[in-house]
Amino acid sequence: MLKTGILNPQINSLLSRVRHTNTLVIADRGFPFWPGIETVDISLVDGIPAVLDVLTALRLNFSIGKAWMAQEFLQHNTAPACAAFTKVLAGIQLTHEPHREFKKRVPDAIGLIRTGDTVQYANIIVESA
């Protein structure tokens with residue numbers, strides 16, 4: 001039985017199949033359904049868990065080389081919210097791009113983890129290093 005780290009078996013299964021330069025989407029509760037992408041839905045209620053919760057857990061045992069977020073995230077959220085993502089992504093190349101361009105990357109992802117996050121544009125795509 002797992003006692004530490006990510007305990008969710010679906011997330012562990014998904015992560016074990018991500019290889020070098022593959023991408024993974026961590027999305028908020030309103031992110032569209034993508035029929036061709038394996039989705040692990042861990043949303044419970046509004047805000048639980050948050051994208052940052054999942055990202056923080058991933059950082060412990062998952063090597064991220066690059067990440068992408070929508071530019072709109074910076075425009076629609078407070079400085080502390082933006083700083084929280086910057087802190088969790090320390091040392092990772094983060095690119096902000098128009099939301100329309102961000103969504104073009106989604107179909108290439110190995111999988112998607114849907115959270116209960118309600119922060120506008122808090123979705124992130126991470127690339128394994």
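The values are calculated or read from the model by the stated rules, or taken from the named source; none is laboratory data. Remember, it's a predicted structure, so these values are computed and weren't measured experimentally. A quick note on method: Cβ atoms are made from the backbone with ideal geometry, for glycine too, and the neighbour counts reach across all protein chains shown.
Candidates ASP28, ASP46, ASP53: the one that is at pLDDT 95 or above, crowded, with 18+ Cβ neighbours inside 10 Å and not small (Gly, Ala, Ser) is ASP28. Of all residues in the range 33-56, those that are under 19 Å from ALA67 (Cβ atoms), among the hydrophobic types (A, V, I, L, M, F, W, C) and outside any loop (DSSP other than H, G, I, E, B) total 5.
Within the range 1-32, track down each residue that is under 16 Å from ALA122 (Cα atoms) and assigned to a loop (DSSP other than H, G, I, E, B). Answer for the range 1-32, where residues must be under 16 Å from ALA122 (Cα atoms) and assigned to a loop (DSSP other than H, G, I, E, B): ASP28, ARG29, GLY30, PHE31, PRO32. Of the helices (runs of 4 or more DSSP H) that lie entirely inside the range 64-129, those containing 2 or more residues that are of a type in the set (A, V, I, L, M, F, W, C) span 71-76, 79-88.
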